[in-house]
Each structure stands twice: as structure tokens, then as C-alpha cells.
1. With semi-axes √(5λ) of the Cα gyration tensor in Å defined as stated, name the option among (1) 35, 30, 27; (2) 45, 28, 20; (3) 49, 26, 20 computed from the structure displayed.
2. Could you list 445, 392 in order of exposure, starting from the residue whose Cβ has the fewest other Cβ atoms within 10 Å?
3. How far is it, in nm, from the label point at residue 144 to the one at residue 251 when both lie 7 Å from their Cα along the line to the Cβ?
4. Sorted by packing (mean other beta-carbon atoms within 10 Å per residue), highest first, where do 411-417, 477-483 land?
5. In debye, nearest 20, what is the charge dipole magnitude of the range 64-158 about its Cα centre with +1 on Lys and Arg Cβ and -1 on Asp and Glu Cβ, if you could check?
6. Report, as a whole number in µm² per second, the diffusion coefficient that Stokes-Einstein gives for the range 395-496 at 10 °C and 1.306 mPa s using the Kirkwood radius over alpha carbon pairs.
7. Give me the distance in nm between label points sitting 7 Å out from Cα along the Cα-to-Cβ direction at residue 384 and residue 48, one decimal.
8. Round to a whole angstrom and tell me the spacing of the C-alpha centers of the range 19-92 and the range 427-467.
Amino acid sequence: MVAGLVTAIRRDYPMVEVDVSEGVTRVQWIAVRSGKSDLGIGIAPTRELTDLEWQRLATQRFDAAMLSSTHALAGRASIRLSELAAEPIIAGFRRDADHHGMCVNVARRATPTTPIVPVETLADAFAQIANGVGWTPFVRSLSEWAPPGVVVVPVEDLDALLPIYVIWKRGDVSAVVRTVRETLLEVSRQTVDGAAPMRETPPAPAMTHEDDDAVATPNDVVPVGLEIRHLRYLLTVMREESIGQAAVRLDITQPTLSRQMRDLERIVGVPLLERRARGAVPTEAGTEFAVVAREIVARMDAVAPEAQRAARGATGRCVVATIPPAVVERLLASLLHRAAAELPDIRVGFVEVPTPLQPEAILSGHIDIGICNSFTSVTPYLDRLRTDRLLDDAVRCALLSRDHPLASRDEISLSQLGDLPLLFMPRSLYPAFYDRIMTLFATHDFRPRIEQPYQGLETTWSLARRGEGWCIGFHTSLLYPPAGLAAVRVRELNLPWGIDMMYRRDETRAMVLGVTGLIRSVAIAESARWQLESSALGRGSKPAAG
């Protein structure tokens, strides 16, 4: 659906630029709520997010089960729901979330009711399933998207429904955002596989009797008014003396930051910035306000991380951030399996966080450990973090649609890709990686055709599946190509890179240190398996994608 939106906007509204970033459930909702994103696509926000609105795009029909690839039923052509009646259902992401409600309805069809295992993130769900903890309803037509370690098996009598929405922040919506929203609605009517007929009004979020027992998170409802992010944004603008440069530093768009600064000035009732042709400087009131803002932010930065880390330490929970599961799913499944056996008092949870956001997330106390690409952006936090290489994974290939004429080749050259758009990231996302790739291209006198930058792997992969261009691929892509894509060696591409683990240098909690040690051990075993499979690949033919 996202790839269709990008194509439609590029065709019908060439002056409109759609910047796509990836996030699901709460990460997505908070991005829309804070103004970092204008629209979201996903399940309905939970009930405390009263400042968001949404409209249904389609209703997705779930007709299959996602199971561990080692499950006894994994090889069957189809199964019936009764064969899974005694096995836990992995349900996300909170009790008042639509997905959780759908899973509860499925569980109640068994006698006795099938047990529910709640998870907070997709990465956590995939790892739990790959490790054999349970199963979850899935969509048969999307089976190619299933990560390694799991399989999708049709369930003849499942037929569960989950509405998918476009989400935006309540209030005035700009003409550009309205145009994109209406285009998305039209694309959804044309392209959603297996969608049930749309209704004019969205249904209420699925609710169960368990909701009465749900305890709301303290301060989960943020009043419309002054927020910590306003203070951080203002201080960044003052430090950069430019709204444009501050937006780059904060990884948000300039119009979004300008709107946030106007909101802040409206809240406090006085101008805080003087806008000039070549930048922005604080007014006298802004300078005085900044003194208080710095003190508030400093106190928050000092208190919140330790409180969150201490709370997790007391409950034995370790949060590990990962890059997209398609890249590291086998490592995560092995980690979860061994943690259950070797660290039984520790609950390891996974959350998907892009590489450049992981350093701050670790130091802010939101996560304990990061598993990331080694092209981490240079940030002021790196001297407070330790980074260990887990797996070597060189830039080695191109990812193409399986229908592309080059997809069947064993090896190609960069020159053969010259007429095909490169679906690549903006430099601001990973400057070091971007520069090394462009330097490599220049060394071989290759000028890539980049029509628009994209911020998410899943987004670029979906566009490549549609034949819209090609993506950079790693050595592991030759072993495990993303669903629907072919990985083809590129003669000139051989750039050393890899996957790293990151955590605080001053980390002293035995729980976290135990998990880091286990991750290293799992990575050694995974690296050995990569080498064996690479040798087999060198002797045989290229594996099929998906």
C-alpha cells in the first residue's frame, strides 16, 4: 500500500514529496502525535490517545497461522483451528489494541479458551513464535513477508478480521496532507489484497471484558500544551541558530519544526525566536526561557534513565532494540531460546528501533542493549557507549524484483544498473555509510540515479518488488534475500560492514551484562552457520527468495 501511495503521488502530484519512515503501533502513534509524522498507516490507536483521529482504509482478513518453522504442523498444506486450540496465541500490543481483541476472539472459539501471550512489539512476537512459544493469526497472501525461522500455514476455518486505518492528529490538516490522505484512501481501495468491503464509519476498537482490569500507564495522557519535546526543539534551534539545521539534527522536517516552535510561542504567550533570512536567533524572552528549559531538560535527562533502568532491573526485564527482523531474526530466535534455558530469571524483550536512534534510546533508559548496523551515525553519545562487532556482513549485492531481467544473473556490474533508480537513504540518516557507498561508486565512475531518498528498509524493498528500482544488499542477502526480491552479486561491490551490539560503558547490572555475554555467544554460533551456508552457496546455485 505504501509503495502504491509513493507511485501515485509521484505520478499525479509531482510537486509533493512523500517522506516515508517505518514504525508500528505506539512508535507510529507517538510520531503522529508529536508532529514528526503527518500520517500513519496501521491499527487504531489505543484509547488514551484522544488527540488522534483515524479513518478506515480496509479490513484485512486473517486466514493463516504463523508458526515456528520447527512446529509439527509447519509442513502441512493447511490445518484447522482446532489443531491449535491448546497452543498459546501471541497477541499484541495492549489489551485495548485491535490486534489483541482479534486474538481474544479467536481464542474464545476453543474450549477451553486458548491461552494468550501478550507482546509489546512485532520483533518480540516474531522471536517468540520462532522459538516455539506460540502462534499468531496471519495473512496467507503476505506469507512472503514472514521473517526467517517461521512459516505461514493456511487455516481453513480461521477467517479473523482486523481493520487498518490512516491516522492523523486532531485539528487543522494542511492541504498537502489532505491530498496525500485522500490518495492513500483511493490506493487502498484498489490494492489491498483480501480486503473486506469498506464501511463509511470505522468500527469501535475491539474491546474485551479484560479491559476493565487494564491499568493505564501513569501520565500516559499528555495534555495539549507544553511538553518536554518543545523545550528540546527550542534548545536545538538556538544551538544551531537555524530551524533548517535544527530539523536535520532532530531528524524531522523543517515545516514540522517550524510548526512546533509556533505552538510553543502560542503556549507561553511571547515570541521566543527572531526569524531572519539566514537563520533564527532567540529574543530576549527566548534567552531567559532557555535558561529554565535547560534546567528542566537536564533534570529529566538525569532522573528518567535511572528510574526506568532500575524498574526493569527490579522486574528482571531486559529490552533489546533490533533492526528489522528480516535482517537478524535467526539471531533473535536463538537468543530467546538460549535465554530461556540459561537465564531463566530474565525476561528478554525486543523492540525495533532504527540504528541512528539506538544510542540516545540506550542512554535515555528506554532500552538496555542495541543490535544495529555498524554504520551508526556519529552522535555526541558514542563516547558513553560500548560497541562490539557481532557479525561481519559486507555490502555485496543488488536487490531486484524477481521479474527483472537481471534477477536471474549470477553476477552483474554497476554499469548494468545505471538506468534503474537506486532506492537509497538520505545522507542525514547514516552519513558515514552514505559517504562510503558514494565514494565506492565514484571510484568505479558510476553515478547512481537517485530520484527520491527513503528512510526505511521495508519501504525500499516494497518499491523494489514493484520494479521501481534496486536496493543495496549485503552478503547475508545472498543467503536470505528479502521476500519477493532476488539478490544478485555486483562485481564492484565488496565493502566491509556488519552488525554490532551497543550498550552503556558504565553498565553494571548483572542482568544486562549476562544478556550481552549471551548475545556474543549466539553471534559466534550464527557467524559459523553463515560461513557454512556461504560455502554451500559458493558451490551451488543461488537460493530462491521468499
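Derivation of every value follows stated rules applied to the coordinates shown; laboratory data play no part. All of these numbers come straight from a predicted model, not from anything done at the bench. In this analysis, Cβ positions are derived from the backbone assuming ideal geometry, glycine residues included, and neighbour counts consider all displayed protein chains.
1. Recomputing semi-axes √(5λ) of the Cα gyration tensor in Å here gives the entry labelled (1).
2. Neighbour counts put them in this order, fewest first: 445, 392.
3. For the pair residue 144/residue 251, the computed spacing is 2.9 nm.
4. 477-483, 411-417
5. About 160 debye.
6. 118 µm²/s
7. Inter-label distance under the simple model: 2.5 nm.
8. After rounding, the separation between the Cα centres reads 29 Å.
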